[in-house]
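Chemist: Dropping the structure in here first, questions after.
The values are calculated or read from the model by the stated rules, or taken from the named source; none is laboratory data. Note that this is a predicted model, so its numbers are computed, not measured. Cβ placement follows ideal geometry from the backbone for every residue including glycine, while neighbour counts extend to all protein chains displayed.
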Amino acid sequence: MRILMIYPEYPDTFWSYKHALPFVNKKSALPPLGLLTVSSLLPEDWEKKLIDLNVCKLKNKDIEWADMVFISGMIVQKQSTLEIVERVKSYNKFIVAGGPLFTTAHAEFSNIDCFVLNEGEITIPLFLEDLKKGEIKPVYSSQEKPEMSQVLIPDWSLIKMKDYASMPVQISRGCPFNCEFCDIIVINGRIPRFKTPEQVIAEFNALYNSGWRGNVFIVDDNFIGNKNKAKLILAEIAIWMKKMGKPFILNTEASINLADDKELLELMQRSNFNSVFVGIETPEEEGLISCGKTQNTNKDLVEKVKIIHRHGMQVSAGFIVGFDTDTVNTFDNMIKFIQKSGIVTAMVGLLNALPETQLYKRLQDTGRILKTSTGNNTDATLNFTPVMDKDLLIEGYNKVLNSIFRTKNYYKRTMTFLKDYKKCTRDNNLTIDTKLRALTIAFWKLGIAGHGRRGFWKMMIWTTFRRPQLLAEAVTMAIYGFHYRAVMSDKR
């Protein structure tokens, strides 16, 4: 059996980093972990080929070669997925689809032959058993949440690691919180499930033995969803890192209560974490309460962010406008919070109602759902009727983006971050040639040819004399800013 796995292309979003990747000669931020893991669940004697449209083109001969085509993706990749399906079906190939996009919206894809939904450790064996019998069903689904001990090491042989800026590792699934707008708890549940420490180390060794050195993204929904289990795993990672000479630089997603646990912060330091994504959503208490983000309430969120910065991890954060409680003052409050906190990578998006979430159901019950979400909360589109006047909301949203990514404010915020940040990790493992390439392009595009040259050089000079050990971080943040501004420009 010859299996062609296809991963759809991402649109140009804040998270794609398409405008930043050329600085370090990379094609994509991350490979498709889902398909790589699916490959390990399939029979060993099957031939498998992976085409990631974010790094290469799909050729006709690839489709002709395949006996069966597997597709996986997220909601934001829907348009690319539709194009792939149409092209593959023109060759009369059998298509099997799974992943977040199809788990919540498979009814929208009438020309896909078979859906293998939910968690593959449960549903793929069911599909394979029926395939042997020649009795494939149109849909395989299960609400069973498997133990993470059943999760296999991804098949790294299917990709060229040099194409990617980072490698993904999943340690847990699920989140204990109950945010109204979030589909994580719909897909992965509210009880965090963790791999064993032995599994994690085995996966690290597999990556290491495959030749990877550099950034590793722990893709968990909330890495500290169960703090005790996270600490057990971190203790083993810290030992491994010390033994292996810290070949990986880790980053992940976590809730803001990370700042309340000194032991956890110190373990993450020792494990070579240098950044963490946190869902701040809004600095307004009323908004947090309205969306069920109670874990962020009754806290000095600016100070929590700075605590994490002082423990060697840069905080990137998600923010949302469009809550029912938002007012015309919300936009200025958000701008002030972002600038004061020193959150350089501040991803501000419009609220979207994702399928099957509590938010979607509430808005549907009151007739406020307008259409299916694009999955991209930064494309300035709404899929529901907001309480605030729509034009006023879009105007306020654009005001936030224009303010925080204006070069003067962006570089000022970067310096605020650099003042607080206590570097604990070693520099990334990019080659000298790659570092020189990034530096040369940055100096040309940002310091000579680009807009905001004065702000760039002011930040670089300040860093050189005040925080010289953070020059690499300053250049990296400047490159990210170039990407964010390019994405904003493309949307206009």
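Chemist: Would you check if there is a residue in the stretch 411-419 being within 18 Å of PHE482 (Cα to Cα) and surrounded by fewer than 13 Cβ atoms within 10 Å (Cβ to Cβ)?
Modeler: No: the stretch 411-419 contains no residue that is within 18 Å of PHE482 (Cα to Cα) and surrounded by fewer than 13 Cβ atoms within 10 Å (Cβ to Cβ).
Chemist: Counting only residues that are closer than 24 Å to ARG485 by Cα and surrounded by fewer than 23 Cβ atoms within 10 Å (Cβ to Cβ), how many does the stretch 310-319 have?
Modeler: Here the count works out to 4.
Chemist: Being modelled with pLDDT under 95 and over 26 Å from LEU392 (Cα atoms): is that true of GLU303 here?
Modeler: Considered against the rule, which asks whether it is modelled with pLDDT under 95 and over 26 Å from LEU392 (Cα atoms), GLU303 comes out as no.
Chemist: Please find, among ILE233, ILE239, the residue that is part of a helix (DSSP H, G or I), more than 24 Å from PHE177 (Cβ to Cβ) and aliphatic (A, V, I, L, M).
Modeler: ILE239
Chemist: Any residue at all in the stretch 318-331 that is part of a helix (DSSP H, G or I) and within 27 Å of THR357 (Cα to Cα)?
Modeler: Yes - at least one qualifying residue is present in the stretch 318-331.
Chemist: Hey, another quick one. Give the residue that is farthest from LEU101 (Cα to Cα), with candidates limited to residues of the stretch 188-216 that are of a type in the set (Val, Ile, Thr) and surrounded by 19 or more Cβ atoms within 10 Å (Cβ to Cβ).
Modeler: Result: VAL200.
Chemist: Ok, one more. Any idea which of (1) of a type in the set (Val, Ile, Thr); (2) under 28 Å from GLU203 (Cα atoms); (3) touching a residue at least 60 places away in the same chain (Cβ under 8 Å) is the one ILE51 doesn't satisfy?
Modeler: Tallying (1) of a type in the set (Val, Ile, Thr); (2) under 28 Å from GLU203 (Cα atoms); (3) touching a residue at least 60 places away in the same chain (Cβ under 8 Å), ILE51 fails exactly one: (3).
Chemist: Against the definition (under 17 Å from the mean Cα position of the chain (by Cα), in the same structural domain as PHE102 (by TED's automatic domain parsing), among the charged types (D, E, K, R) and in a loop (DSSP other than H, G, I, E, B)), how does ASP45 come out, yes or no? Working first, answer last.
Modeler: Details: under 17 Å from the mean Cα position of the chain (by Cα): no; in the same structural domain as PHE102 (by TED's automatic domain parsing): yes; among the charged types (D, E, K, R): yes; in a loop (DSSP other than H, G, I, E, B): yes.
In short, no.
Chemist: So which residues in the stretch 75-100 are hydrophobic (A, V, I, L, M, F, W, C) and modelled with pLDDT of 95 or more?
Modeler: LEU82, ILE84, VAL85, VAL88, PHE94, ILE95, VAL96, ALA97
Chemist: OK, next. Listed residues LEU4, LEU30; which is among the hydrophobic types (A, V, I, L, M, F, W, C) and in a loop (DSSP other than H, G, I, E, B)?
Modeler: Checking each option against the conditions leaves just LEU30.
Chemist: Look through the stretch 385-422, keep the residues that are within 22 Å of the chain's Cα centre (by Cα) and of a type in the set (Ser, Thr, Tyr), and return whichever of them is farthest from LEU470 (Cα to Cα).
Modeler: Looking at residues that are within 22 Å of the chain's Cα centre (by Cα) and of a type in the set (Ser, Thr, Tyr), I get TYR397.
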